[in-house]
Amino acid sequence: MGQEVSSPYILRFEECDLSSLPLVGGKNASLGELLRAGIPVPPGYAITTKAYDAFLNQQGLKKPIFDRLRGLDLQDIAGVEEASQFVRSLIESAPIPEEITTVIGDAYNHLWRELQLPLMPVAVRSSATAEDLPGASFAGQQETYLFVRTQEEILDKVRLCWSSLFTPRAITYRVKMGFDHEKVLISVGIQKMINSFTAGVMFTLNPASGDVSVIVIDANWGVGESVVSGAVTPDQFVVDKINLEILKRTISRKDVYFTTNAERNKLVEMEVEEERKEVQSVIDKDIKELARFGKLIEAHYGKQMDIEWAVDKDLPAGGNVRILQARPETVWSQKKVEPVVQPKATAMEHIVAGLMQGKKF
């Protein structure tokens, strides 16, 4: 496997769990938890909050940043935007100290040697310490960059992720929620890019009704951006949480999908070929595998979850489903909802109830 990179600025996902959230933020801590639960995720590592903190300290950025943010009037939208631009320009124009750049480069080199994929494309994902918390919804406030290929690009995107902690939206939300700007830190995840054939989101409840007896999976061709952004009406599958039976399938007409353009190093929108527009975008076997992973993730966290997933076409069929991230569901978790189908005390009771409804086992 080669020599591991040892530094306070780097943690492999395998070394992360919820106890390391102050070091690696919500997304990266969650990826470590998924690995501990036996869930396959794309390999990678976290650049810790210690790297971000050291960068701010060594470049003397803390005082000018936090002085500028103190006492902002949220009603003054232009003032918030000006403060954001000032802070982000400070961060984006400051060089990252060599001791940090060396460690980040070594970790990337170790990862591609381990996977035997030189110039392996990676996703560079922000992971703030205040995200994915019950009662708060920080999701989507910081940046993610896809299809990053070189050490120089990684360093550039890391700095952009750090500065995205200070977008107008993030600044405003922290003030409204009572979070101290100085106490919210940011980690960055470096993760192998999935060559996504199909992707989407999964909830371990019905997001429309709150029914906790089912798992709901939304899917489209390509990467999950088309599903998350609402660019298409995705295929949807409702799966029984007990026996993984597909209770309902809705196959939508899917006119567009997103994929990664290697030359432009960015996501591009493509038209779905006519023959695939109304074809089911994920096979039944993978639907059931996803639902099985959903059950494991929910059991591991002890709560309903909001999960992003993809099917990697670089991996052999039958083992190519990957979970990209999982966070606690934040809408229905605040409400008490009774399941539409009451759970049975025993498997036999479940089977008998199904037979009474005309199901075949």
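Read-outs: derived from the displayed coordinates by stated rules, not from any lab. Not measured: the values here are computed from a predicted model. No Cβ is skipped: glycine too gets one built from the backbone with ideal geometry, and neighbour counts run over all protein chains shown.
Which entry in (1) 21.8; (2) 21.0; (3) 20.2 matches Kirkwood radius over Cα pairs in Å derived from the coordinates of this structure? This structure yields the entry labelled (1).
If the viscosity is 0.890 mPa s and the temperature 25 °C, what Stokes-Einstein diffusion coefficient in µm²/s follows for segment 13-71 when Rh is the Kirkwood radius over Cα pairs? Rounded to a whole number, D works out at 190 µm²/s.
Across segment 10-192, Cα-Cα pairs more than 25 Å apart make up 32 percent of the total. Here segment 175-272 carries DSSP beta bridges of which approximately 95% are antiparallel, counting only pairs with both residues inside. Dipole check for segment 196-341: with +1 at the C-beta of Lys and Arg, -1 at the C-beta of Asp and Glu, and the Cα centre as origin, the magnitude is about 480 Debye. The distance separating the Cα centre of segment 48-62 from that of segment 12-28 comes to 19 Å.
Going down the table (K27/K50; K27/K303; K248/K295; K183/K295; K62/K266), which pairs top 27 Å between alpha carbons? The answer is K183/K295; K62/K266.
When you count the other C-beta atoms within 10 angstrom of each residue and take the mean per peptide, 235-242, 146-153, 59-66 line up highest first as 235-242, 146-153, 59-66.
Over the chain, Cα pairs under 8 Å with separation of 6+ residues give a relative contact order of 17 percent.
State the percent of C-alpha pairs, over all pairs in segment 234-290, separated by a distance greater than 18 angstrom. Value for segment 234-290: 48 percent of Cα pairs lie more than 18 Å apart.
Each 5 Å bin from 0 upward holds the following percent of the Cα-Cα pairs of segment 178-320: 2, 9, 17, 20, 18, 14, 10, 6, 3, 1, 0.
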